[in-house]
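Worksheet for the structure shown next.
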């Protein structure tokens, strides 16, 4: 894994995020991991699935991840970038037939007014803690991959996340996804990722919210859940000091994972919130190592919000391992593959 990051790693990250999304989306509304695993086996296992239309479309996750990525590839910065992202989210919402966008995302994008002063911000909403920001933010880590760019990464993740999910549990999910992608590029030990989120990125995000001066009181009031849940998870996995070894239960198959992911979650649907979509993605990355099939078993085939957890995990996995061990049929005919590769190349050029 210690190979230096090339443009091929960037391409793998973007393309495999789409693959994970398409594979997970097939079963997004099937709430039984064991049942999903049986269906995967009936198809001959992951290695025999040809991910292509009409049976394997990408979901809203990839459409909006591409919207974020393609806005970033313009090279715009600051408010100009935020208006660009907002207008691309509006455009992306026209491509949602059969993709099941979340209610909060629809509601948020409807309020955006790109071009108008502050038109990339929406009213604070206490119910906007879902995973809509987390599932589309990985590319921010590809644009700002270096440790010294952390404050830029956080600022862009917070503001683009708040376009639909102004609740901190929502937009901090975007910070987590972007951060983990940047850590994958930095080749930072994966046992340190969660600690970096809690101790490095979240304090910067809190300071940014204060300095930006928008919905500060509400955001600070609702802040605690995200970081407390992450601290709980790190303790559970023996990662509170960032060193490991990772503690997994002795039995941790599809049945046990469904139960575990429910315990991570806000409301019993693992991966559907901003805090637990990246949490399940990290859990899968910690457990799967460089094994693509095992990654999909853990991140994509569970009884929760499986496309949103897989889109994050697979992006980070591709950034670390490239396409090694991924069956060609999983990605050759992927919907929007060309756009994903093109944005990866541009992000690589911009970040270097």
I need a count of the residues in the range 209-253 that are touching a helix residue (DSSP H, G or I) at 6+ places or on another chain (Cβ under 7 Å), touching a residue at least 12 places away in the same chain (Cβ under 8 Å), part of a helix (DSSP H, G or I) and farther than 16 Å from residue 170 by Cα. 3
The residue from 287, 271 that alone is in contact with a helix residue (DSSP H, G or I) (Cβ under 8 Å, 6 or more places away or on another chain), at positive phi and crowded, with 18+ Cβ neighbours inside 10 Å is 271
Filter result for the condition that a residue is surrounded by 22 or more Cβ atoms within 10 Å (Cβ to Cβ), in a loop (DSSP other than H, G, I, E, B) and either out of contact with any strand residue (DSSP E or B) (no Cβ under 8 Å at 6 or more places or on another chain) or at pLDDT below 95 (or both), over 164, 160: 164
Condition set part of a loop (DSSP other than H, G, I, E, B) and in contact (Cβ under 8 Å) with a residue 12 or more places away in the chain, scope the range 285-303, selection farthest from residue 244 (Cα to Cα): answer is 303
Can you tell me which condition residue 315 does not meet? The list is (1) under 20 Å from residue 47 (Cα atoms); (2) touching a residue at least 40 places away in the same chain (Cβ under 8 Å); (3) surrounded by fewer than 23 Cβ atoms within 10 Å (Cβ to Cβ), and all the others hold. (3)
Report whether or not residue 233 is within 23 Å of the chain's Cα centre (by Cα), closer than 22 Å to residue 184 by Cα and at pLDDT 95 or above. yes
Just to check your reading of the model, which residue among 51, 19, 5 is closer than 17 Å to residue 339 by Cα, in contact with a helix residue (DSSP H, G or I) (Cβ under 8 Å, 6 or more places away or on another chain) and assigned to a loop (DSSP other than H, G, I, E, B)? 51
Filter result for residue 120 (assigned to a loop (DSSP other than H, G, I, E, B) and surrounded by 21 or more Cβ atoms within 10 Å (Cβ to Cβ)): yes
Take residue 93 and tell me if it is in a helix (DSSP H, G or I), more than 21 Å from residue 155 (Cβ to Cβ) and touching a strand residue (DSSP E or B) at 6+ places or on another chain (Cβ under 6 Å). no
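The values are calculated or read from the model by the stated rules, or taken from the named source; none is laboratory data. Owing to the predicted nature of the structure, the values given are computational and were not obtained by experimental measurement. Cβ sites come from the backbone with ideal geometry, for glycine too, and all protein chains shown count toward neighbours.
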